[in-house]
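Reading through the C-alpha cells given below for one structure.
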Amino acid sequence: MFKIIPTATAKAQLAQLKQAAETARKNREENNKKSKKKSKSSKQEGLYKQVCKAINLLSNNPKHPSLQTHEYDAIPNPYNKKEKVWEAYVQNHASAAWRLFWCYGPGKNEITIIAVTPHP
C-alpha cells in the first residue's frame, strides 16, 4: 500500500472538487425538501466520488486495470527529471474525462499526485 502525497496544485484541485460536490449535495437536499422528491446525485458529486475511488485504487495498486495507468511525457517529474510521470484514468468514455497525474516518491512506498484535471 502506498502513501498518497498531493502537491499543492493537486491539493487545491481536490479541495475545489470537494467544495463543488458539497455545494451540489446541499442544494440537492434543499430541493428535495421543497419538492418532496428524491433527485439523483449531481455531476459534481459523482466526479468527486470517482476521484476518491481512483486515489484509493492508486494507493492500493497503481497498476489496477481500471486506472489504465500509462506514462505521460508532458509533465516533468518534480523529484527526478529522469523518472517517469504516470497518467491514470478517473473517468473513461466521457468527453473531457478526468485524469490523475502522479509519480513515485519522494520516499519509498509513496506516490505523489501532481494534478487532477480533465483530459488535456
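Taken over the range 67-108, the alpha-carbon convex hull comes to 77 cubic angstrom per residue.
Beyond 11 Å, what percent of the Cα pairs of the range 1-40 remain? Of the Cα pairs, 68 percent sit more than 11 Å apart. Annotation for the range 72-120: trypsin sites (Lys or Arg not before Pro) lying in DSSP loop with at most 16 further Cβ atoms inside 10 Å of their Cβ are 81, 82, 84, 108. Which percent of the Cα-Cα distances in the range 17-81 go past 14 Å? The calculated P(r) of the range 17-81 puts 70 percent of pairs beyond 14 Å. When shorter helices are ignored and each DSSP H run of at least 4 residues is given -39500 (n - 2.57), the per-residue value for the chain at 222 nm works out to -13500 deg cm²/dmol. Partners of residue 63 within straight-line reach, counting lysines whose Cα lies under 28 Å from its Cα and excluding those fewer than 8 residues away in the same chain: 3, 11, 18, 43, 49, 53, 81, 82, 84, 108. The modelled label-to-label distance between residue 8 and residue 63, using points 7 Å beyond Cα along the C-beta direction, is 3.5 nm. Treating each Cα of the chain as an identical point scatterer and summing with the Debye formula, the log10 of I(q)/I(0) at q = 0.10, 0.11, 0.13 Å⁻¹ comes to -0.35, -0.41, -0.54.
None of the figures in this text is laboratory data; all of them are computed from the coordinates on show. A quick note: this is a predicted structure, and the numbers were derived from the prediction, not measured. Glycine also receives a Cβ, built like all others from the backbone with ideal geometry; neighbour counts cover every protein chain displayed.
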